[in-house]
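Just so it is clear, none of the values below were taken in a lab; they were calculated from the coordinates. A quick note: this is a predicted structure, and the numbers were derived from the prediction, not measured. Every residue, glycine among them, receives a Cβ derived from its backbone with ideal geometry; neighbour counts consider all protein chains shown.
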Amino acid sequence: MANKPLVVTVTGAAGQIGYSLLFRIANGDVFGPKQPIILKLLEITPAMKALEGTLMELEDCAFPLLYDMIPTDDPKVAFDGANWAFLVGAFPRKAGMERADLIDRNGPIFVEQGKAINQVAADDFRALIVGNPANTNALICAMNAPDVPRDRFAAMTRLDHNRAIAQLVKKAREKDPDVTVADVKRVIIWGNHSSTMVPDIYHARIGRKKAINAVGKRWYKKHFIPTVATRGGAIIKARGASSAASAANAAINAVRDWALGTPKGDWVSLAVYSDGSHYGIPEGVMYSVPVTHPGDGTWQIVEGLEINDEIKEKMRITGEELLRERAVVEHLLKG
Ligand code: NAD
Ligand code: LMR
């Protein structure tokens, strides 16, 4: 074997997102075609039987990069020596709920997992938190792993970022049928993965055009912002279950870029720990910002963007929501 296998932990491995995610990780879609993987798969005890079935299917794919699989219901086993983790295991919301309504049920999961990560994960450990409410769960997890640098934890807003790109392409094609996803660059999702998120296209380009000119301010405000911000709820209403394949795809996109680097001339959205020194974002919350990844497992916030008053006000509102969520889980943050 040319490369040492990476230990990749996936929680909620028998769930909907897990079923889309595992096969793509094992196929090399995240860490590249030369990187062998050991999958450590965490589930709750009642779901271990279903997980066994998923493992049988993974085995039957005979993935060349899948070196080993370890199913477990013990977080300490799941995170032992882990280099990367996808923290998916959490309950999804049902129609009519906000993601924040899940906090009482899901928050404690991230206390237990944060503690286990602190004790047994590898020194280069990094985690993408997907389970909702993702930003606040990521904060809980990071605060319960005080020996792991906070910049190793991030919450996923890549699905919102991808949704924004897709909506822009659809609209731009009304005038120019040749527009493709690859033409859209520099979209931003600010703030919380909730309906207060701020999809910002004032810096975005569609080909050579400014996105805001290509699609028009009226459409941006009246259609685009609410569509992107409430897309998760619209999917639950239509499918009777929350997004799964698109969420797994976004997680793959996010971790691939984090590990291997963002494309030149573009950035991605990721919710990271705020130290209070960027764009007036409050300190001590996991807030989605535009980042670039050099390809060494780090991220850098895109600096120096001019933010107009309309976006500033929306950024303040989503930041206040995150502070309110933080206050609700204060007792889970002690570490
Ligand atoms: P699901 O119910 O199909 O699967 C969740 C799995 O997690 C289940 O198999 C469950 O047994 C497991 N689980 C529960 N508690 C656990 C624990 N303590 N340890 C390990 N596993 C545990 O749900 P899903 O559709 O896969 O969604 C998972 C989470 O991801 C939900 O909270 C959902 O809201 C969230 N989500 C986030 C985004 C995002 O963009 N951030 C997108 C889609 C879904
Ligand atoms: C999504 O955005 O699709 C997920 O966060 C699931 C949800 O509850 O909306």
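Efficiency by 1/(1 + (r/R0)^6): what FRET value for Glu59 and Gln300, r their Cβ-Cβ distance, R0 = 35 Å, to the nearest 0.05?
Here the calculated transfer efficiency is 0.35.
Any idea what angle helix 103-120 forms with the longest principal axis of the chain, computed on alpha-carbon atoms, 0 to 90 degrees, nearest 10?
Between helix and principal axis, roughly 60 degrees.
Using the basic label-point model (7 angstrom from Cα toward the beta carbon), what is the Arg105 to Asp123 distance in nanometres?
Roughly 4.1 nm, to one decimal.
Identify which of Met315, Met69, Met156 has the largest mean-square fluctuation in a Gaussian network model of the chain, with springs joining Cα atoms closer than 10 Å.
Comparing Met315, Met69, Met156 in a Gaussian network model of the chain, the most mobile one is Met69.
Would you mind putting 262-272, 32-42 in packing order, based on average other-beta-carbon counts within 10 Å, highest first?
Packing order, densest peptide first, comes out as 262-272, 32-42.
Which log10 I(q)/I(0) values, to two decimals, does the stretch 177-273 give at q = 0.15, 0.17, 0.21, 0.23 Å⁻¹ under the Debye formula with one point per Cα?
-0.73, -0.95, -1.34, -1.43
From zero up to wherever the largest Cα-Cα distance of the chain sits, split into 20 Å bins and tell me the percent of pairs in each.
33, 59, 9
State which entries of Lys171/Lys209; Lys40/Lys76; Lys217/Lys264 exceed 19 angstrom in Cα-Cα distance in the structure shown.
Exceeds cut-off: Lys217/Lys264.
For Arg208, project a label point 7 Å along Cα to C-beta. Then give me every residue of the stretch 154-176 with its amide nitrogen under 20 Å of that point.
169, 172-176
So what's Rg/Rh here for the stretch 158-328, counting alpha carbon atoms and using the Kirkwood radius for Rh?
Using Cα coordinates only, the ratio equals 0.95.
Calculate how large, on average over all directions, the projected area of the Cα convex hull of the stretch 6-155 is; give the answer in nm² to one decimal.
Its Cα hull, projected and averaged over all orientations, spans 8.3 nm².
In nm, give the distance between the simple-model label positions of Glu310 and Lys217, each being 7 Å from the Cα along the Cα-to-Cβ direction.
Simple spin-label model gives 0.5 nm for this pair.
Quickly work out the Ser277-to-Arg239 label distance, labels modelled 7 Å from Cα along the C-beta direction, and quote it in nm with one decimal.
With each label point 7 Å from Cα toward Cβ, the separation is 4.0 nm.
Excluding Leu66 itself, what net charge comes from residues whose Cβ is under 14 Å from its Cβ, given Lys and Arg +1 and Asp and Glu -1?
Neighbour charge sum, excluding Leu66 itself: -2.
Could you run the Karplus curve 6.51 cos²θ - 1.76 cosθ + 1.60 with θ = phi - 60° over the stretch 286-298 and give me ³J(HN,Hα) per residue in whole Hz, x for Gly and Pro?
Once rounded to whole Hz, the list reads 8, 10, 6, 9, x, 10, 10, 10, x, x, 10, x, 10.
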